[in-house]
Amino acid sequence: MQSNRHVMYVLKDTSARPAGKGAIIGFLKVGYKKLFVLDDREAHNEVEPLCILDFYIHESVQRHGHGRELFQYMLQKERVEPHQLAIDRPSQKLLKFLNKHYSLETTVPQVNNFVIFEGFFAHQHRPPAPSLRATRHSRAAAVDPTPAAPARKLPPKRAEGDIKPYSSSDREWGLPQGW
């Protein structure tokens, strides 16, 4: 886990004493991953956000506030807001949890297994600040607020009917007769 820059937060009930060590209630695994995600304009972006990789609270103690306690502790320690996270293959339970406790509802559709929410890009993609040279040479210099290299758009998706399966039987191999 250390080589992957992953962190495991574990919630333990110290009052439960099987063998004198307490019992694990749940865990939350997070880590930074390099992702290619689409923003709300369908522009492709390479980012490395903190990701929720796994989150589990034992069924016998769910709906007692332990999940929120663990999640809140992680947010505090990692100094991150919930909308800044990318979530790997979230379950319906986790999506409902995030909606209930953090008002995260509107997702930005992705082509990978990660889910990001509206607001994910709010603090990550700011226009570049004007250069010192431009401000020194001309106070009236117009500074273009758009980034120098615009994000590349993905080609539009093809309709399902246009997709043809590819198989070796469709190819001519050019082998001599009798092979």
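Which three semi-axes in whole Å describe the equivalent ellipsoid of segment 17-106, each the square root of 5 times a Cα gyration tensor eigenvalue, listed largest first? Numbers along the way, then the final one.
Values: eigenvalues 161, 43, 25 Å².
The equivalent ellipsoid of segment 17-106 has semi-axes of 28, 15, 11 Å.
At 1.4 Å probe size, with every protein chain present, just tell me what the per residue accessible area of segment 1-123 comes to in Å².
On a per-residue basis, segment 1-123 sits at 63 Å².
Starting from segment 71-118, pick out the GluC sites (Glu not before Pro) whose DSSP state is loop and whose Cβ has at most 14 other Cβ atoms within 10 Å. Before the final figure, lay out each step's value.
On the way: sites: E78, E105, E118; in loops: E105, E118.
Here the GluC sites (Glu not before Pro) that fit, given the DSSP loop and packing criteria, are E105, E118.
DSSP loop (so not H, G, I, E, B), at most 10 other Cβ within 10 Å: list which trypsin sites (Lys or Arg not before Pro) in segment 28-115 pass both filters.
Filter output for segment 28-115: K34, R41, R63, R79.
Taking amide H atoms as placed 1.01 Å from N in the peptide plane, list the residues 5 or more away in sequence, or in a different chain, whose amide H sits under 5 Å from that of Y32.
It is C51, by chain and number.
A 21 angstrom limit on the alpha carbon distance is what I want to check against. Which of K33/K77; K12/K77; K21/K93; K12/K33 exceed it? If you can, show how the numbers build up before the last one.
Details: K33/K77 18 Å; K12/K77 17 Å; K21/K93 29 Å; K12/K33 27 Å.
Long pairs (Cα-Cα over 21 Å): K21/K93; K12/K33.
The values are calculated or read from the model by the stated rules, or taken from the named source; none is laboratory data. What you see is a predicted model, and the numbers here were worked out from it, not measured in a lab. Counting neighbours? That spans all protein chains shown, and the Cβs are built from the backbone with ideal geometry, glycine included. Surface areas here come from the heavy atoms of the whole protein model, side chains and all, with no ligands, DNA or RNA. Shrake-Rupley method; radii C 1.70, N 1.55, O 1.52, S 1.80 Å.
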